[in-house]
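Notes follow the structure.
The values are calculated or read from the model by the stated rules, or taken from the named source; none is laboratory data. In this text the structure is predicted, and so the values were computed from the model without any measurement. Glycine gets a Cβ as well: all are built from the backbone with ideal geometry, and neighbour counts include every protein chain shown.
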Amino acid sequence: MLGTDIAIDLGTSAVKIYLDGKGIILNEPAVVAVNLETDQVVALGHEAYAMVGRTSDKIQVTHPLCNGVISNFDLAQYLISYYLKKIGDSKFFMPRVVVSVPCQITEVEKRAVVDAISAAGVRKICLIEEPVAAALGAGVDIAKPYGTLVVDVGGGTTDMAVLSLSGIAISRSLKIAGNVFDEAIVKFIRRKYNLLIGQRMAEEAKNAIGCVYPKKDETKHRVKGRNAMTGLPQYADISCDEMLEALIEPAMQIVRTLQEMLEKTPPELMSDVYSDGIILTGGSSRLFGLDTLISKKVKMPVRIAEDPDICVALGAGKAIKFIDDIENKAYGVLNPLSAAY
């Protein structure tokens, strides 16, 4: 294990670690449970995720990574160190790391990611932008002078970019993704049924019958929670048409941002994108009808990548082989990695 290179996808909802030569060896929710009385971490990953919405006053469950960037530095550092120790059991485990970051991240946010990972004892950190990693993970050859449009719909952010020659020609990043879809369901059910439900219940309903394009068959899903007026337990059977009503607005914001980006795309790249279509990656791209909605609105074919939720981690893993070249500024070397620390 000494000095093995790894790639990390620091997602809002999950942390995925790719080990060079082995593939993805860790895929855990990016959730930490803390005891407020002692300030001790009591659970991480799947164990902490099971506590969401079900804790006592003593325990607080938090997401240290929010909208693709670090919101709680100490907990993020603890989470990363814990997972790196879990996969590298020796004291001398000093890997080089490729980390995926949103494409329009500030220098301060980049620095926070680098500091949190370097505290775990890492020799070198290279950053790769999420759309570039997603395209590599989806099997696209991004080194050619040819335009490819990737839309990565994750848990906290949606990153979209036109790629060519191992870099980004034009990109957009917006904080509308899986979590915003969940919040839209919570608000809709409260407004329509006077029913308070938690984030977990909203996510279950989204995965079961969520859609942003009309379904042919009417399906229903039961959500349980508390009546906002009486405070008593209550349930409601939600149909997929009601889900469409709840989710269409955030989905349309993604479409509008994509349309605005396409207006600014250089014409030569646009012709490449038009012939090949759009590639959707990220866990939230599985939402029923999202590909159809985008295709209808931008008049282009849209396909969902194979295993969309792990595309970014796979792509970051494929970029490990470029770590040695990042210092090499020789003629003809094109590198998908954006920075090294």
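For the reader, a short list of remarks on this structure follows.
Each row is one residue, and each column tells you yes or no for (1) touching a strand residue (DSSP E or B) at 6+ places or on another chain (Cβ under 6 Å); (2) at pLDDT below 95; (3) loosely packed, with under 15 Cβ neighbours inside 10 Å.
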{"residue": "ALA228", "(1), (2), (3)": "yes, yes, yes"}
{"residue": "GLU249", "(1), (2), (3)": "no, no, yes"}
{"residue": "SER271", "(1), (2), (3)": "no, yes, yes"}
{"residue": "ILE294", "(1), (2), (3)": "yes, no, no"}
{"residue": "PRO308", "(1), (2), (3)": "yes, yes, no"}
{"residue": "ALA316", "(1), (2), (3)": "yes, yes, no"}
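- Of residues in segment 50-82 being touching a helix residue (DSSP H, G or I) at 6+ places or on another chain (Cβ under 6 Å) and either assigned to a loop (DSSP other than H, G, I, E, B) or among the basic types (Lys, Arg) (or both), the one nearest to ILE197 (Cα to Cα): GLY53
- Strands (runs of 3 or more DSSP E) fully within segment 211-316 counting 3 or more residues that are in the same structural domain as GLU183 (by TED's automatic domain parsing): 220-227, 233-239
- Answer residue from segment 233-247, given it is over 20 Å from the mean Cα position of the chain (by Cα) and of a type in the set (A, V, I, L, M) and is farthest from LYS215 (Cα to Cα) among those: ALA236
- Among the conditions (1) in contact (Cβ under 8 Å) with a residue 40 or more places away in the chain; (2) under 26 Å from the mean Cα position of the chain (by Cα), ASN207 misses just one, which is (1).
- Number of positions in segment 143-175 that are surrounded by fewer than 21 Cβ atoms within 10 Å (Cβ to Cβ) and assigned to a loop (DSSP other than H, G, I, E, B): 7
- Residue satisfying condition, being β-branched (Val, Ile, Thr) and either outside the structural domain of PRO29 (by TED's automatic domain parsing) or within 18 Å of the chain's Cα centre (by Cα) (or both), within set ILE125, ILE168: ILE168
- Some residue of segment 28-49 being surrounded by fewer than 14 Cβ atoms within 10 Å (Cβ to Cβ), in contact with a helix residue (DSSP H, G or I) (Cβ under 6 Å, 6 or more places away or on another chain) and over 22 Å from ARG111 (Cβ atoms): no
- Among residues of segment 54-70, those that are over 16 Å from VAL114 (Cβ atoms) and at pLDDT 85 or above, counted: 11
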